1. Take the cross-link list LYS142/LYS338; LYS233/LYS254; LYS254/LYS338 and give me the ones stretching past 26 Å between alpha-carbons.
2. Using a/c under 1.5 as the rounded threshold, could you call the range 84-183 rounded, prolate or oblate? The axes a ≥ b ≥ c are square roots of the C-alpha gyration tensor eigenvalues, and prolate needs a/b larger than b/c, oblate otherwise.
3. Step through the residues of the range 237-252 one at a time and calculate ³J(HN,Hα) from phi using the Karplus curve (6.51 cos²θ - 1.76 cosθ + 1.60, θ = phi - 60°), rounding each to whole Hz and writing x for Gly and Pro.
4. Amide H neighbours of GLN240 under 5 Å, at least 5 residues apart or on other chains, H built in the peptide plane: list them.
5. Can you work out ³J(HN,Hα) from phi for every residue in the range 125-141, in order, using Karplus 6.51 cos²θ - 1.76 cosθ + 1.60 and θ = phi - 60°, giving whole Hz and x for Gly and Pro?
6. Pop the C-beta distance of MET235 and ILE385 into the FRET formula with R0 = 25 Å and round what comes out to the nearest 0.05.
7. Obtain the nm distance between the two label points defined at GLU93 and THR359 by a simple spin-label model: each point lies 7 Å from its Cα along the Cα-to-C-beta direction.
8. Which whole-number percent gives the relative contact order of the range 84-183, counting Cα pairs below 8 Å spaced six or more residues apart?
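Just so it is clear, none of the values below were taken in a lab; they were calculated from the coordinates. Source: prediction; values computed, not measured. Neighbour counts run over all protein chains shown; Cβ positions are idealised from the backbone, glycine included.
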Amino acid sequence: MLHPALLCSTSLATAVAAVSLYHWIWSRKSDHAKPSGEAAASVRDGHGGLIGNTPLVLIPSLSKATGCRILAKAEFLNPGGSSKDRVAKGIFEDAEARGLLGPGGTIVEGTSGSTGISLALLARAKGYNCLIVMPDDQAKEKGELLQKFGATVEFVKPASIVNAKHYVNQARRRASEIPGGYFADQFENLANTDIHYRTTGREIWQQTHGALDAFVMSAGTGGTIAGVSRYLKEMNPAIQIVLADPPGSSLYNKVRHNVCYAPQQSERTVRRHRYDTVAEGIGIDRLTANFLLAHVDDAYVVSDADAVNMARHLLREDGLFVGSSSAVNCVAAVRLAKKLGPGHEIVTVLCDSGQRHLTKFWNDDHLKAEWQLEATATDLSFVDISTGQP
């Protein structure tokens, strides 16, 4: 039989051990409950916190075919599905900081679709109303999404920018008519360029460790190519900036010849737009305040046929389902890679998913009937090193 003193000592030791075990278990639970460092940083603050910091993806088939590293900023992974999320965030932040948009206010924009979707979602998250004016010839799923997201949508006929009925001009007028209305003005609002300078350009530089040789991008408002080019040129002036322009847009001639005009803009020849192309959201017949800030070294015209073939190639070979502007960007990136030769690193942008383009750009029957286009290429031989200008 144990001595009473020994028995008491053993019981005390057991109790102390039990208390120590309890505190150890509790401290472990607390550690798990309070993530720190990288784990804590991975938590994003609402919808706005999900915007930006998109991955840079290597496109295997394009890289293998050219001997260059062709990388693309996967902007379709933003919460609103496109790079326009950044623009929307920048416009909201700028308007709020300057006291131009207050509680219960209405953000108004003229857009072909993607910017409207980004504005509508962010307006929901921030408690604002949203009114979108858009051309009635855009893919119908864009308008349907806008309405699902709670935006009021007004469809108008395509018109020249000098016409009061142009969708941008009508949006400007509507904003002035609504109490608390604010016209986002993505084409002329320099918050557009600024957000791409502060985020997209910086991210590309950091993700490539400054090793890129060129950046290739199409332009609609001009905000992306302006912001990114300004940041990259500040970091390394030798980086080439190349514009990818669709048929009928005047920007190619502005870059190449300093004349902002394209023959297709003649009223006698234009079919649908002043810039007549199957690609949506890019190409323009004027110089915007944003594009004027861009540092562009060269430009390519990308045909509708090449864009259609590239989109089908990316899906077939890389499992990437992209929209029309992304396809235009990739054609120009391959063209530049073939011109520069193997061993270079070229960055472009995958602006949005093909899901935004099901009824038009990804509708083979529509392409045949309305544009006499058909995807026939089985490899990348359709991409040559010419400028693509007729």
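1. Numbers: LYS142/LYS338 35 Å; LYS233/LYS254 20 Å; LYS254/LYS338 24 Å.
Long pairs (Cα-Cα over 26 Å): LYS142/LYS338.
2. Numbers: a/c = 1.86, a/b = 1.31, b/c = 1.41.
Since a/c reaches 1.5 but b/c is at least a/b, the shape of the range 84-183 is classed as oblate.
3. With coefficients 6.51, -1.76 and 1.60, one gets x, 7, 5, 7, 10, 10, 8, 9, 10, x, x, x, 6, 8, 5, 4 Hz.
4. When sequence neighbours closer than 5 places are left aside, the close amide H contacts are ALA214, PHE215.
5. 5, 9, x, 9, 8, 9, 10, 10, 10, 9, x, 7, 9, 7, 3, 5, 5
6. Working: r = 27 Å, r/R0 = 1.09.
For MET235 and ILE385, the calculated efficiency is 0.40.
7. 3.4
8. Numbers: 178 pairs, mean separation 30.8, N = 100.
Computed over the range 84-183, the figure is 31 percent.
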